[in-house]
Amino acid sequence: MGQRTVANGLIASLVNFAEARGAARIELLETAGMGALDLSDPDGRTPLALYIRALSEARTLLNDPGFALRWASSTGMADISILGLIMEASRTMGEAFVQLQRYERLAMAVDRQGANVPRYILEHRGGRLFMVENTPAAQVVPELTEIGFARLTCGPRRFLDQAHVLGVEFTFPRPGHGALYDTVFQCPVQFAGTRNALELHPATAEWPVNNKPGNLFGVLADRADRLLDKLVNDANVTQRLERWLIERMHTGELRADLAARELGFSRQTLFRRLRDENTTYSETLINARRRAAELYLQGRRSSIADIAYLVGFSDAAAFSRAFKRWTGQSPQAYREHT
């Protein structure tokens, strides 16, 4: 499991918004376990668990079950994270989505299904376009989902001439403050669905965004790349190894000595660092294969035989036996139920 963190800018914005609505700042920070944290650097990192706790404490202190949704819809990502700045410096909405995929970890770094797995994927279905949250059901936190969707919906309204979000789907049941969702999203909202998704206008990707100086994008991208490198390098060894394995799995060149060399360790040091993180090279390889297989199956673009090859199996039968051992389901059954 990799590090699960958020940018300090999100925490600071959350606390400022709660304080403006009547919460006592010091009480909120202390009850959320953040009283000793320095939040002055917006690009610094805070554990995700503390962020979720701060959301809960703010909701309790203000007696406002809709606090997270109000905050997200009132505060643009560009005001709190370099991710938002670089998205708004993009030329088009399609380019902004590419930057979201690339830099989303700078706002929130969460290991979902393996290394380099994006939080959102685009899905075309019958002439309709959906942005689907690509997070395993067991890891879904409803407030994080609604915060992400609210920002993706409300932020672009400042510069778009028409609505880009046509519908919203949530897996959780309609809450008591359900009317607030109608106010925020201004389109049909479905609860207790099978996935978390936004339906986008089919032409959204072509709509212009950039109203900033042309050189700003390059400056922001350079800064974001440095921050992303630091975030990746600070990840634990297991996460770095899993990323390396997934990127090279189709080549079959997965020797431990090669991995150690490219990660900057000796073979012995790699094994020791993995042992310190309560795992082994073999266990990490199995987990990487399982996560890669799940991702390919969810993508629905590759055959079972192709997926077997991509994750390093000589034939589909061997892959199917291994996948059933990992998950309790055959690859086909897993695909049909995700």
Looking only at region 151-174, and only at residues there that are of a type in the set (A, V, I, L, M, F, W, C) and out of contact with any Cys (no Cβ under 9 Å at 6 or more places or on another chain), the one that is nearest to Phe97 (Cα to Cα): Leu152
Flag if Phe191 is without any contact (Cβ under 8 Å) to a residue 60 or more places away in the chain, farther than 19 Å from Gln101 by Cβ, surrounded by fewer than 16 Cβ atoms within 10 Å (Cβ to Cβ) and in contact with a Phe, Trp or Tyr (Cβ under 8 Å, 6 or more places away or on another chain): yes
Selection status of Ala308, in a helix (DSSP H, G or I), assigned by TED's automatic domain parsing to the domain that holds Leu245, free of Cβ contacts under 8 Å to residues at least 24 places away in the same chain and more than 22 Å from Asp257 (Cα to Cα): yes
Residue pairs meeting the criteria (Cβ under 8 Å; at least 6 apart or on separate chains; first basic (Lys, Arg), in region 119-148; second in a loop (DSSP other than H, G, I, E, B)): Arg119/Val110; Arg119/Arg112; Arg119/Asn134; Arg119/Thr135; Arg128/Pro202
Counted residues, region 277-291 - those being within 18 Å of Val237 (Cα to Cα) and part of a helix (DSSP H, G or I): 10
Odd one out for Pro47 among (1) out of contact with any strand residue (DSSP E or B) (no Cβ under 7 Å at 6 or more places or on another chain); (2) within 25 Å of Gln139 (Cα to Cα): (1)
Number of the condition not met by Ala115 [criteria: (1) at pLDDT 85 or above; (2) outside any helix (DSSP H, G or I)]: (1)
The one condition in (1) out of contact with any Pro (no Cβ under 7 Å at 6 or more places or on another chain); (2) outside any loop (DSSP other than H, G, I, E, B) that Arg59 fails to fulfil: (1)
Unmet criterion (only one of (1) in contact (Cβ under 8 Å) with a residue 40 or more places away in the chain; (2) part of a loop (DSSP other than H, G, I, E, B); (3) out of contact with any His (no Cβ under 7 Å at 6 or more places or on another chain)) for Leu85: (2)
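The values are calculated or read from the model by the stated rules, or taken from the named source; none is laboratory data. Here the structure is a predicted model, which is why all the values come from computation and not from measurement. So basically every Cβ, Gly included, is an ideal-geometry build from the backbone, and we count neighbours across all protein chains shown.
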